[in-house]
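S.K.: Here you go, one structure.
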Amino acid sequence: MSRIAARFAELARQGRKGLVPYVCAGDPAPELTVPILHALARAGSDVIELGVPFSDPMADGPVIQRATERAIKRGVGLRQTLEFVAQFRRDDPRTPVVLMGYANPIERMGRDEFARAAAAAGVDGVLVVDYPPEECEDFAADMRAHEIDPIFLLAPTTTDERMRRVLTQASGFVYYVSLRGTTGAGHLDVDSVAERIPRIKALTRVPVGVGFGIRDAASAQAVARCADAVVIGARLIEEVEAAPADAAVAAAESFVSTIRRALDELAPTSPERRAA
């Protein structure tokens with residue numbers, strides 16, 4: 001069982017919802033990436049998404065684009081991102097880490113080399129925005145051979161037929177994009193999410209995380225009532241972006257802690273949860 005699967009199984013036993021924050025490797029500064037990862041773990045993150053800086057992030061809104069640009073200016077790319085994961089893993093063997101990014105850096109490194117390097121660093125999952133599931137069966141198989149979960153996106157526009165094809169390859173969790181648009185958009189339609197998630201869950205046992213448009217405790221709670229996990233990125237990056245450099249780690253930890261507390265308010269009180 002992968003670290004991601006184990007974490008979601010633990011959450012299910014406790015009746016709790018997963019929290020998946022996103023940060024960009026190298027932002028706001030390379031030397032702060034690993035401390036921020038540890039801060040997110042301390043704040044109660046269940047899985048951490050670490051963005052791989054790329055010059056053309058088509059799915060990302062302006063907030064994450066700025067983070068990516070800052071990281072690239074500081075020389076951070078895929079290899080440095082893997083090193084950050086390896087450093088984090090030396091002190092944290094439990095918290096799953098998912099790399100989120102684009103195909104170009106992986107293709108430049110080479111898929112085989114990437115699979116080996118990611119496994120050696122301690123990566124648990126990979127979400128490649130522009131790898132169509134229908135065209136990357138071999139990539140998904142390579143990831144699973146290295147005990148890395150291939151994670152795929154579903155959108156409001158995904159047809160049921162395509163959803164079935166995607167879900168045959170997904171593992172770890174599936175990422176449902178809650179709206180039509182880029183990350184950080186503010187027009188979250190919770191009713192639409194609540195209608196869509198049961199249709200996804202009827203087709204798979206893989207947990208469903210929801211992201212895009214979740215910006216605070218209230219929207220996180222609303223989404224978590226129907227999803228297994230919430231993914232929050234742009235709003236977290238805004239908090240880090242607004243903080244002085246010497247307060248960036250604390251800002252990340254404080255913000256994620258508020259989301260963790262909000263999600264835990266939804267959990268039933270049980271002996272198992274109290275012992276967790």
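The values are calculated or read from the model by the stated rules, or taken from the named source; none is laboratory data. Note that the structure is predicted; figures quoted are calculated from it, not measured. As a convention, Cβ positions derive from the backbone with ideal geometry for all residues, glycine included, and neighbour counts pool all protein chains shown. Calculation scope for accessible area: heavy atoms of the full protein, side chains included, ligands and nucleic acids excluded. Shrake-Rupley method; radii C 1.70, N 1.55, O 1.52, S 1.80 Å.
S.K.: Can you send over the carbon and sulfur percentage of the accessible area for segment 97-151, probe radius 1.4 Å, protein chains only?
M.R.: C and S fraction of accessible area: 42 percent.
S.K.: Here is a follow-up. Separation between the residue 144 and residue 216 pseudo-spin-labels, each 7 Å from Cα along Cα→Cβ, expressed in nm?
M.R.: 4.2 nm
S.K.: Same structure, new question: For 17, 201, give the ranking by accessible area with the largest first, probe 1.4 Å.
M.R.: Highest to lowest solvent-accessible surface, that is 201, 17.
S.K.: Moving on to the next point. Relative contact order for segment 80-177 using alpha-carbon pairs under 8 Å, separation at least 6, rounded to a whole percent?
M.R.: Here the relative contact order equals 26 percent.
S.K.: Roll a 1.4 Å probe over the protein chains and send me the accessible area per residue for the chain in Å².
M.R.: 42 Å²
S.K.: If you put +1 on each Lys and Arg Cβ and -1 on each Asp and Glu Cβ, how big is the dipole of segment 109-231 around its Cα centre, in Debye rounded to 20?
M.R.: The calculation lands at about 420 debye.
S.K.: With every protein chain left in place, what is the accessible area of residue 138 in Å² (1.4 Å probe, nearest 10)?
M.R.: My reading of the accessible area for residue 138 is about 110 Å².
S.K.: Where a ≥ b ≥ c are the square roots of the eigenvalues of the C-alpha gyration tensor, would you call the chain rounded, which needs a/c under 1.5, or, failing that, prolate if a/b is larger than b/c, or oblate?
M.R.: Judged from the Cα gyration tensor, the chain comes out rounded (a/c under 1.5).
S.K.: Please work out the Cα center distance from segment 5-58 to segment 227-270, rounded to the nearest Å.
M.R.: For segment 5-58 versus segment 227-270, the Cα centre distance is 10 Å.
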